[in-house]
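> Handing you a structure now.
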Amino acid sequence: MIRRSRRAVPAMLVAVLLLALCVAVAVSLAQRLMGAHEYLSYDAVAAELYETRWNDLPVLIVGVVAVVLGIVLVVAALWPGRPVVLPISDSDQMSAGVTRAGLRTALRATAGTVKGIDKPRIKLRGNTITVIGESRRRNTDGIAEEVCATLTRRVQEIGPPVRRVRARLRPSKTTELE
């Protein structure tokens, strides 16, 4: 159960391009019907198109641009996106999932329970979880390993497929004397 993200950006670009074209045509037709000075003259566009031949250079350029744009849009549509819902362990033949944001929240709360780490941030990249946090302690030996062990246990409880947990600590602006 890996739901993939939608391809909103390519679809929105095509929609905006088509909307701009439709607005230009509608404005031109409205100006022509009202007898006002046309922003985009239908007669000028029609005369230019009638004079253009299939073997002219502008036709070739527009055709190549259209083909390249079409290929880019098809590749963007077929390229798999980041999973929105990650599968969790399917015990008792039941499939369930957790969102990426929900997993980050759960792991942030778990990392916050480790003594010595403040303000943990969780990054999910592929099958790797990276924890970046601050520590007010001067001696941070073993805290990163403890965070990794705690999050590894928590990930095994939740169940999404994660291969590696990494932790990085940086000193806080205010440090304790521990």
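The values are calculated or read from the model by the stated rules, or taken from the named source; none is laboratory data. These figures come from a predicted structure and were not determined experimentally. Backbone-built Cβ (ideal geometry, glycine too); neighbour counts: all protein chains shown.
> Return a yes/no flag: does the range 155-171 have any residue that is out of contact with any helix residue (DSSP H, G or I) (no Cβ under 6 Å at 6 or more places or on another chain), under 30 Å from Met12 (Cβ atoms) and at pLDDT 75 or above.
no
> Just for the range 35-92: of the residues that are hydrophobic (A, V, I, L, M, F, W, C) and part of a loop (DSSP other than H, G, I, E, B), which one is farthest from Arg154 (Cα to Cα)?
Ala36
> Could you run through the range 97-124 and say how many residues are on the phi < 0 side of the Ramachandran plot, in contact (Cβ under 8 Å) with a residue 24 or more places away in the chain and surrounded by 13 or more Cβ atoms within 10 Å (Cβ to Cβ)?
Counting residues in the range 97-124 that are on the phi < 0 side of the Ramachandran plot, in contact (Cβ under 8 Å) with a residue 24 or more places away in the chain and surrounded by 13 or more Cβ atoms within 10 Å (Cβ to Cβ) gives 13.
> Right, here's the next one. Could you check the range 50-92 and list, in sequence order, the residues that are within 25 Å of Arg104 (Cα to Cα), surrounded by 11 or more Cβ atoms within 10 Å (Cβ to Cβ) and more than 17 Å from the chain's Cα centre (by Cα)?
The answer is Pro87, Ile88, Ser89, Asp90.
> While we're here: For the range 110-124, enumerate the residues that are at pLDDT below 85, touching a strand residue (DSSP E or B) at 6+ places or on another chain (Cβ under 6 Å) and of a type in the set (Lys, Arg).
Lys119
> Scan the range 141-165 residue by residue and report those that are surrounded by fewer than 19 Cβ atoms within 10 Å (Cβ to Cβ), touching a Lys or Arg at 6+ places or on another chain (Cβ under 9 Å) and touching a residue at least 24 places away in the same chain (Cβ under 8 Å).
Scanning the range 141-165 gives Ile143, Glu146.
> Any idea which of Ala111, Ala30 is assigned by TED's automatic domain parsing to the domain that holds Arg163 and either part of a helix (DSSP H, G or I) or acidic (Asp, Glu) (or both)?
After ruling out the rest, the residue left standing is Ala111.
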